[in-house]
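The values are calculated or read from the model by the stated rules, or taken from the named source; none is laboratory data. If you're wondering where the values come from, they're calculated on a predicted model, not measured in any experiment. All Cβ positions, glycine included, derive from the backbone under ideal geometry; neighbour counts span all protein chains shown. Accessible surface is based on the protein model in full, side chains and every heavy atom, while ligands, DNA and RNA are left aside. Shrake-Rupley method; radii C 1.70, N 1.55, O 1.52, S 1.80 Å.
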Amino acid sequence: MANIFIAGFGVLSVLCAALFMYTRTAVPTISDAAFKQFQRVYLVVYMLAMAGDWLQGPHVYALYESYGMTTHQIEVLFVAGFGSSMIFGTIVGSIADNFGRRNNCIIYGILYGGACITKHFNSFWVLMLGRLLGGIATSILYSAFESWMIYEHTKRGFEQESLGTVFSHAVLGNSLVAIVAGLVAQFFADRFGFVAPFDVALTVLMIMTVIVVFTWTENYGDRTTNIGHSFSEAWKSIRTDPKILCLGLIQSLFEGSMYIFVLEWTPALTPSEPSATGTARRLLAASSETIPHGHIFAGFMVSIMIGSSLFKLLSKYSSVESFMRFVLVIASASLATPIIFKGNQLVVFIGFLVFECCVGIFWPSLGQMRGKYVPEETRATIMNFFRIPLNMIVVAILLQNLQMKVIFQCCVGFLFLAALSQQWLFSMVKSVNPGSSVIKA
């Protein structure tokens with residue numbers, strides 16, 4: 001069965017390369033030198049920031065196990081990370097709006113670097129501190145960087161359509177970084193132990209921080225208000241503008257399902273005890289050698305890259321608000337495969353590849369819609385506001401001892417609700433501009 005995954009990766013790689021080349025000829029490229037320079041400055045920093053994150057992922061669990069942590073302790077550490085992001089996320093967003101997005105990106109490098117240092121200590125409470133720092137850093141990663149880029153993009157007078165190009169390239173580059181980071185992390189772990197990848201991540205984060213200090217200018221949300229007022233204004237925007245509420249619901253429901261998928265794809269593709277639930281199922285999968293995890297992960301990343309190319313093609317013929325309705329329905333159906341075709345590795349694997357392709361379309365689409373509808377003054381605060389329900393979803397799943405079928409049923413339901421929210425957003429946009437067509441010429 002391993003040949004299925006390896007062959008799948010090969011086919012996807014060829015398809016991805018062909019689609020990328022076709023997209024370059026079918027979709028007009030932007031020739032503005034100023035825009036290219038701006039995009040380059042942002043993407044270099046963003047890729048380093050993501051590399052610092054990806055380098056840590058593959059060996060966290062293995063490191064904790066090597067320190068003799070019990071399964072319960074490891075679960076608590078993971079929950080602490082999501083809980084930290086949930087609790088401190090909104091505050092971090094307000095700080096970014098009031099005290100500077102660039103400053104927040106520098107803080108990201110410092111906090112995540114500190115989290116890497118804690119991995120040298122075989123102490124539950126020191127590792128807990130690292131998880132808390134990592135959770136806060138993650139909140140910054142998914143708000144301050146994007147907020148900085150959108151503000152600078154608008155201030156410099158670039159066309160709105162070019163914003164989608166930046167997001168698409170970010171998704172494409174992030175997938176490549178993830179594959180390379182996985183290989184680099186494995187190389188250092190094999191030769192120097194499980195702590196080594198975190199030292200590499202620390203080095204990358206230090207380089208990123210230095211580049212931000214010397215190449216980025218500062219920008220803000222509304223500096224005339226304090227954090228409490230910024231928080232209040234963000235909540236007011238959500239209550240009074242249904243479009244922002246829709247975007248928040250889509251973000252929370254989709255990303256919540258995505259993070260749950262990250263936890264569940266290995267056991268879903270691994271033959272295990274049919275009665276296994278929760279932690280027992282994950283442990284069986286983690287210790288199994290029956291599937292090539294590296295090739296599967298690489299296949300997922302290539303699927304995301306395919307999705308980023310499809311985003312460009314779809315944007316040429318239709319509005320983001322329109323085509324995302326169908327993308328979210330397809331994503332919901334794709335995660336139904338382990339429910340309907342349980343035990344059929346080929347069908348489930350294809351379903352997961354389709355889902356990851358939808359992820360590749362989702363990221364630039366959501367970024368472009370947030371650039372349109374989320375107010376600049378409280379952008380980072382609003383973006384992190386919706387990380388609260390997102391993290392609540394993931395923590396709730398982690399704390400339950402649920403059958404895999406039930407977990408994927410929840411994901412299917414979440415994604416279908418996201419599709420309904422997208423339909424609601426599409427209807428509102430269409431009602432405001434009844435004369436505009438959702439299909440581009």
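By the gyration tensor of its Cα atoms, with a ≥ b ≥ c the square roots of the eigenvalues, what is the shape of region 342-441: rounded for a/c under 1.5, prolate for a/b over b/c, or oblate? Let's see the in-between values first.
Numbers: a/c = 2.40, a/b = 1.49, b/c = 1.61.
It is oblate, given that a/c is not under 1.5 and a/b is not larger than b/c.
Taking 7 Å steps out from each Cα toward its Cβ at Ala18 and Ser31 produces label points 3.1 nm apart.
Packing, as the average of other Cβ atoms within 10 Å across residues, places the peptides 250-257, 41-48, 307-314 in the order 250-257, 307-314, 41-48, highest first. Listed cross-link partners Lys119/Lys342; Lys119/Lys405; Lys312/Lys430; Lys36/Lys316 are compared with a 27 Å cut-off, the Cα-Cα value being larger for Lys119/Lys342; Lys119/Lys405. Scalar couplings 3J(HN,Hα) for region 228-234, obtained by applying the Karplus form with A = 6.51, B = -1.76, C = 1.60 to θ = phi - 60°, are x, 5, 4, 4, 5, 5, 5 Hz; x denotes Gly and Pro. Across region 36-220, the convex hull enclosing all Cα atoms gives 108 Å³ per residue.
Can you give the accessible area per residue of the chain, in Å², using a 1.4 Å probe? Don't skip to the answer; put the middle values down first.
Numbers: 18400 Å² over 441 residues.
Result: 42 Å² of accessible area for each residue.
Pair-distance distribution P(r) for the chain, from all Cα-Cα distances in 10 Å bins starting at 0: 4, 20, 33, 29, 12, 2, 0 percent. Cα gyration tensor of region 4-89, axes a ≥ b ≥ c as square roots of the eigenvalues: rounded (a/c below 1.5), prolate (a/b > b/c) or oblate? It comes out oblate by the Cα gyration axes.
So what is the 222 nm mean residue ellipticity for the chain from helices alone, if each DSSP H run of at least 4 adds -39500 (n - 2.57) and you divide by all residues, rounding to the nearest 500 deg cm²/dmol?
Numbers: 19 runs with 356 residues, N = 441.
Helix contribution divided over all residues of the chain: -27500 deg cm²/dmol.
A protection proxy built from the mean count of other Cβ atoms within 10 Å ranks the segments 402-409, 161-168, 375-382, 107-114, most packed first, as 375-382, 107-114, 161-168, 402-409. Amide hydrogen proximity for Gly100: with H placed 1.01 Å from N in the peptide plane, the residues at 5 or more positions away or on another chain lying under 5 Å are Gly221. Ranking Arg325, Arg370 by solvent-accessible area of protein heavy atoms (1.4 Å probe, all protein chains present), from largest to smallest, gives Arg325, Arg370. The packing ranking, built from the mean of other Cβ atoms within 10 Å per residue, places the peptides 189-198, 341-350, 142-151 in the order 142-151, 189-198, 341-350, highest first. List the residues whose amide H sits under 5 Å from the amide H of Ser318, counting only those 5 or more places along or on another chain, with H placed 1.01 Å from N in the peptide plane. Those lying under 5 Å, H to H, from Ser318 are Lys440.
For region 32-38, putting each phi into the Karplus relation 6.51 cos²θ - 1.76 cosθ + 1.60 with θ = phi - 60° gives couplings of 4, 5, 5, 5, 4, 5, 4 Hz, in residue order, rounded to whole numbers and with x for Gly and Pro.
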